[in-house]
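What follows is a single structure, written as structure tokens, with notes after it.
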Amino acid sequence: MKGRPRFYAPDMTADSRAVTLPDDEAAHLLRVLRLGPGDDVHALNGRGLLREARVSAASKSAVTLDLGDPVPAAVESRLRVTLAQALLKADKMDDVVRDAAMAGAFAIQPLVTGHTEPSVIRAAERRHDRWRTIAIGSAKQSGRAVVPGIAPPLPVSDVLTHPADARIVLIEPSASTPAAFAGRSDAPPLTVTLFVGPEGGWSPEERQAFSAAGVMQVTLPGPTWRADAIGLVAIVLADIAFRGRDGWTSTL
């Protein structure tokens, strides 16, 4: 049962007895994995529910699953992390979405910054559905039953108005004195927004906006990290630091 293939069924609820797969999931079941009626699979709804399932009907027009008992999924962190990632060129943003979904991000917020080129913004508008597909695939592969939401790109100033218990912006080492945040506390945050900048770094105006909004400015330890890799590392470190897992604390 551990090795059953997983399929995204957003319409599934705890009370559902059967569910019809979205077209792309149905195509993957039929054409890629070549499964059919009688095959056992798992179904996840992207909101934390994973259930046993069996293919009951499969045709070019639809694939239906009969649903069974809930099964354990990967344990989700109590900390809900939103990765506010500056838009990157080419396929690098695809990698960010894949890694953030794998690392346990609750949501991904693409950012338009002062250094974002117009062509990158136009490309982002066309790639949103692709990012959603990547997030679903990464969540399935990593054993999660939660698929992170992916918002439309917004300017930094707009995202700064979104509520969060804690907000952190990652600053390149040359522009910042490293700062630390405590691991355990009496009232650890439940929601955290991590701001990750573009390859060219934050503009002076954006740095000032972060300061004015009281956003904690921190720097990752060690070598200089690629813009498409920082988010993955920061999600993991933030979870450890704020939750104090196994007594550890972290410094960003």
- [ ] Just grab the label-to-label distance for Asp165 and Asp91, each label 7 Å out from Cα along the Cβ direction, in nm (one decimal).
- [x] 3.8 nm
- [ ] About the Cα centre of the chain, how large is the charge dipole given +1 on each Lys and Arg Cβ and -1 on each Asp and Glu Cβ? Please answer in debye to the nearest 20.
- [x] 440 debye
Task: DSSP bridge pairs, the chain: antiparallel proportion in percent, nearest 5 - done: 35 percent
Task: Percentage relative contact order, the chain, counting C-alpha pairs under 8 Å, at least six apart - done: 19 percent
Task: Label-to-label distance, nm, for residues given as Asp158 and Ser211 (7 Å Cα→Cβ offset) - done: 2.6 nm
Task: Accessible area (Å², 1.4 Å probe, nearest 10) - Lys140 - done: 40 Å²
Task: Where only C-alpha atoms are counted, convex hull volume of the range 43-145 per residue in Å³ - done: 109 Å³
Open item on the list: Can you give me the Kirkwood hydrodynamic radius for the chain, using every pair of distinct Cα atoms, in Å to one decimal?
Closed with: 19.4 Å
Open item on the list: At 15 angstrom or more along the helix axis (alpha-carbon based) and mean Kyte-Doolittle of 1.6 or higher, what helices does the chain contain? Whole DSSP H runs only.
Closed with: 227-243
Open item on the list: Taking 0.36 nm per residue of sequence separation and subtracting the Cα-Cα distance, how much length would be gained by fully extending the chain between Val75 and Glu117, in nm to one decimal?
Closed with: 11.3 nm
Task: 18 Å cut-off, amide nitrogen to a point 7 angstrom out along Arg126 Cα→Cβ, residues in the range 79-106 - done: 87-95
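The values are calculated or read from the model by the stated rules, or taken from the named source; none is laboratory data. Note that the coordinates shown come from a computational prediction; the quantities given were computed from them, not determined experimentally. Note that we place each Cβ from the backbone using ideal geometry, even for glycine, and neighbour counts take in every protein chain shown. SASA here: full protein model, heavy atoms, side chains in, ligands and nucleic acids out. Shrake-Rupley method; radii C 1.70, N 1.55, O 1.52, S 1.80 Å.
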